[in-house]
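Structure first, then comments.
The values are calculated or read from the model by the stated rules, or taken from the named source; none is laboratory data. Since the model is a prediction, treat every value here as computed from it, not as a measurement. Cβ: placed from backbone, ideal geometry, glycine included. Neighbour counts: every protein chain shown. Accessible surface areas use protein heavy atoms only, side chains included; no ligands, DNA or RNA. Shrake-Rupley method; radii C 1.70, N 1.55, O 1.52, S 1.80 Å.
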Amino acid sequence: MAAKQTEWSAFSDVIAAAAAVVLLVIGLAIAGLTKEPVMAFHGLLFAAGAVLAGIGILWTFGHHNDQPLVGADTTSDGTHYQDGPIKVATLAALFWGLAGFLVGDILAWQLAIPALNFDLPWISFGRLRPLHTSAVIFAFGGNVLLATSFYVVQRTCHARLAGRWSPWFVVWGYQLFIAIAGTGYLLGVTQGKEYAEPEWYADLWLTIVWVVYLLVFLGTLIRRKEPHIYVANWFYLAFIVTVAMLHLVNNATIPVSLVGSKSYIVYAGVQDAMTQWWYGHNAVGFFLTAGFLGIMYYFIPKRVERPVYSYRLSIVHFWTLIFLYIWAGPHHLHYTALPEWAQTLGMAFSIMLWMPSWGGMINGLMTLAGAWDKLRTDPVVRLLVVSVAFYGMSTFEGPLMSIKAVNSLSHYTDWTIGHVHSGALGWVAMVSFGAIYCLVPWLWNRKGLYSLKLVEWHFWISTIGILLYITAMWVSGITQGLMWRAYDKLGFLQYSFIETVEAMKPYYVIRAIGGLLFVAGSLIMIYNVWRTIRGDAMQDAEDQPRVAAAPALRLQPVIQVK
């Protein structure tokens, strides 16, 4: 059996090395044949990624052919958990997260003080804005989802990730996609679709990576030793499958040339708008909601050491959310050329989303039944629970804003920006921070985090930053909406557009200050994680819960730090 395993590992290494050679040839061919400097740069970037992949494969083939890949964790039942890719995705999430938050705050200051654009095209608002949204959603959020889904599916299935090289390909291939897309934005390459800006060749590469991601996840579920599939895996699977469908349909394009960056969307007019917001809203619904609900359903019970409050409710939550969310996209197109019935359909399904969303929120919060004291003693639990509270608030506000009468006031205003960031910062980022604080000691085999007090500082600084941000945008947005619809006695607009812009100045400054606090909290987190990974002595070992330690270390006595 061991000889057969060694033979299969060697075969896998050869196939992986051959694939790296093929990708190298494709990258060099693109760089050599294209007439566009940006495309040539991306071809060379692709080739460089293939070279690094080949070196890693050959090194492993030469040194560890008969061993589990570097990063594999052996459990008491002999299962080799493949944690190396999870570590890479966790560190990538921290890196891209800080970059995305920082760019977002720069944009906030540019809106408050336009001179900060410096009349330089590559740092103008138009290029940095898609860089910010993609960095925080797909680079930060995507890597958190990769890390947590690979961790959760292994532990809940008691099975190693499927494939020898596939998990590594998913993680590093995803980083290559981020690099190509991000540099493309800065250099002016974009197809101009919200949350879907990368051009056709980046989309094609992401499709390949995503299909392998799905196969790895499904393969791990198939080889599970547990007969039951834990609910978090259902949410992860829905996120992976639906995002694949959304990506393929919305990004259906015809490239002008196989060695050129430009392409044309196959849809036009209101059909294109409908497809885009079917994609855009469900990117929020499945990428930023379903996937992160998988995090909630694993990490909150794990951290508070309590079972899910109601497993039956979690199943109802899953199926109702999955069915209803997919229909809600048209509410982004109220008062447009979209047929009235489609607008009303989107509004109706958005209102119905209140029920499963709040059912999930209640399930997450009530999991603390019997463990409410941990909110006072464990700031990681506080991060996770406050994120669920923000989830409940955002999923109340979203359906409210989908109602046509409300939408007529809120649409195109900063109220929408406040709503998006209450979900993105309050829900997605906070639950991600909590998950990372759990994962780091578990993955790097530490007895706990370097400092819980730093987690406390991170929590409060980030929470204050979020509240400053969203309240400023709420007030700003409602003010905008009211000023735009104000008429004088003669029926003329009471305010010119520039007057509404001037009225926003103080709120934009407050928003930028809130963003700066959020960035500061992220820096505290990165410092704390770095000291934890380095193995530095814990500063408050006596305050850290048993579950903070890696599983193998939880029964060992805690060494008090004097």
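Can you tell me how many residues in the range 534-553 are open to solvent by 10 Å² or more (accessible area, probe 1.4 Å) and within 27 Å of GLY465 (Cα to Cα)?
3
Residue by residue through the range 333-378, note down the ones that are closer than 21 Å to TYR391 by Cα and open to solvent by 50 Å² or more (accessible area, probe 1.4 Å). Reasoning before the result, please.
Restricting attention to the range 333-378, the residues satisfying the condition of being closer than 21 Å to TYR391 by Cα are 346-369, 371-372, 374-376, 378.
Of everything in the range 333-378, those that are closer than 21 Å to TYR391 by Cα and open to solvent by 50 Å² or more (accessible area, probe 1.4 Å) turn out to be ILE351, MET352, TRP354, MET355, TRP358, ILE362, MET366, TRP372, ARG376.
Please go through the range 83-137 and pick out each residue that is more than 15 Å from the chain's Cα centre (by Cα), closer than 25 Å to TYR437 by Cβ and among the hydroxyl-bearing types (Ser, Thr, Tyr).
none
Residue pairs, Cβ under 6 Å, 6 or more apart or interchain, first in the range 103-126 and in contact (Cβ under 8 Å) with a residue 40 or more places away in the chain, second open to solvent by 50 Å² or more (accessible area, probe 1.4 Å). List them.
Here the result reads ASP105/LEU516; TRP109/LEU116; TRP122/LEU186, each pair linking the range 103-126 to a residue that is open to solvent by 50 Å² or more (accessible area, probe 1.4 Å).
Go through (1) among the small types (Gly, Ala, Ser); (2) more than 19 Å from the chain's Cα centre (by Cα); (3) closer than 26 Å to PRO307 by Cβ one by one and return the number of the condition SER387 breaks.
If we test SER387 against (1) among the small types (Gly, Ala, Ser); (2) more than 19 Å from the chain's Cα centre (by Cα); (3) closer than 26 Å to PRO307 by Cβ, just (2) comes out false.
Residues to consider are GLY184, GLY188, GLY219, GLY192; find the one that is touching a Ser or Thr at 6+ places or on another chain (Cβ under 7 Å) and either open to solvent by 10 Å² or more (accessible area, probe 1.4 Å) or not hydroxyl-bearing (Ser, Thr, Tyr) (or both).
GLY184
Filter the range 384-398 for residues that are of a type outside the set (S, T, N, Q) and open to solvent by 10 Å² or more (accessible area, probe 1.4 Å) and give the result. Break it down into steps so the answer makes sense when it comes.
Initial filter on the range 384-398 (of a type outside the set (S, T, N, Q)): 384-386, 388-393, 396-398.
Within the range 384-398, VAL385, VAL386, ALA389, PHE390, MET393, PHE396, GLU397, GLY398 meet the criteria.
Show the residue pairs that are 6+ apart or on different chains and have beta-carbon atoms under 8 Å apart, the first residue being within the range 135-159 and among the hydroxyl-bearing types (Ser, Thr, Tyr), the second being surrounded by 24 or more Cβ atoms within 10 Å (Cβ to Cβ) and not in a helix (DSSP H, G or I).
Going by the 8 Å Cβ cut-off, the qualifying pairs are TYR151/ASP83.
Can you go through LEU439, LEU449, LEU516 and tell me which one is among the hydrophobic types (A, V, I, L, M, F, W, C), in contact with an Asp or Glu (Cβ under 6 Å, 6 or more places away or on another chain) and more than 19 Å from SER394 (Cβ to Cβ)?
On the way: LEU439 fails: in contact with an Asp or Glu (Cβ under 6 Å, 6 or more places away or on another chain); LEU449 fails: in contact with an Asp or Glu (Cβ under 6 Å, 6 or more places away or on another chain).
The conditions single out LEU516.
State all residues of the range 442-473 that are under 24 Å from the mean Cα position of the chain (by Cα) and among the aromatic types (Phe, Trp, Tyr); if no residue qualifies, say none.
Those that are under 24 Å from the mean Cα position of the chain (by Cα) and among the aromatic types (Phe, Trp, Tyr): TRP442, TRP444, TRP457, PHE459, TRP460, TYR469.
Taking GLY163 as meeting all but one of (1) in a helix (DSSP H, G or I); (2) open to solvent by 20 Å² or more (accessible area, probe 1.4 Å), write down the number of the exception.
Tallying (1) in a helix (DSSP H, G or I); (2) open to solvent by 20 Å² or more (accessible area, probe 1.4 Å), GLY163 fails exactly one: (1).
How many residues does the range 448-504 hold that are surrounded by fewer than 19 Cβ atoms within 10 Å (Cβ to Cβ), assigned to a loop (DSSP other than H, G, I, E, B) and touching a residue at least 60 places away in the same chain (Cβ under 8 Å)?
Qualifying residue count, the range 448-504: 1.
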